[in-house]
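Colleague: Below is the structure I would like to discuss, written out as structure tokens.
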Amino acid sequence: MLTGDTNDEDVSLFDAEEDSGRKSKKTGVKHPVASFFHLFFRVIAILVYLLCELISSSFIACMVTIILLLSCDFWTVKNITGRLMVGLRWWNQVDDDGRSHWVFESRKGSGKQQVSNSDSRIFWLGLIICPIIWVLFAFSTLFSFRIKWMPVVIMAVVLQGANLYGYVRCRVGGKTNLKNMATNYFGRQFLKQTLSKEEES
């Protein structure tokens, strides 16, 4: 699989671009319905996981319900709320040669000014906190020997982690590789420490 990043072109499929003539407040929730559904599926999936033994005695019914909620969350966040709330989107496309390319884009120009601070805060908090909660559930499932729940928890971590990774790549920039950023950061830290030791001696 070949990985390609594009961030050079303006994103044309954003519905918010039709509002470009209007001035928008940077405070306040600009997309309340998108904000609601950005949190709805993921929070309900967590609640069903926590309360499943009280709701139903059927493990299969709870598992299917959680997986359906996680799938709806993945689709909603990837295809709708990311575009509307923060002006970012990512997807995979296959070229004529059959090679797969990952594309990470962010809205540029006038569209970027339409992102509300409240929308952005809700988007990123929901995107970061929920995968952390599922990782904690994974550890608790492992240590409490509730192994039957492990596939559900792993699926939650994978689906929500994929969205988190995709949007972080969009935010950082498609041209910048995260591995290169980490290498450069640690290289700079090492260089600073080396220079400070030389100055001390």
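The values are calculated or read from the model by the stated rules, or taken from the named source; none is laboratory data. Since we're looking at a predicted model, the values are computed, not measured. Glycine gets a Cβ as well: all are built from the backbone with ideal geometry, and neighbour counts include every protein chain shown. Calculation scope for accessible area: heavy atoms of the full protein, side chains included, ligands and nucleic acids excluded. Shrake-Rupley method; radii C 1.70, N 1.55, O 1.52, S 1.80 Å.
Colleague: Percent of accessible area on region 74-174 owned by carbon and sulfur, 1.4 Å probe? Display every interim value, and only then the final one.
Modeller: Details: 3300 of 4870 Å².
C and S fraction of accessible area: 68 percent.
Colleague: Once phi is turned into θ = phi - 60°, what whole-Hz ³J(HN,Hα) does the Karplus curve with 6.51, -1.76 and 1.60 give for every residue of region 96-103, x standing for Gly and Pro?
Modeller: 5, 7, x, 8, 9, 10, 8, 10
Colleague: Could you work out the local net charge near Cys52, counting Lys and Arg as +1, Asp and Glu as -1, over the other residues with Cβ closer than 15 Å to its Cβ? Could the numbers behind the result be given before it?
Modeller: Working: positive: Arg146, Lys148; negative: Glu53.
Neighbourhood net charge equals +1.
Colleague: I'd like the accessible area for Thr65, computed on protein heavy atoms only with a 1.4 Å probe and all protein chains in place. Round to 10 Å², please.
Modeller: Solvent-accessible area, nearest 10 Å²: 60 Å².
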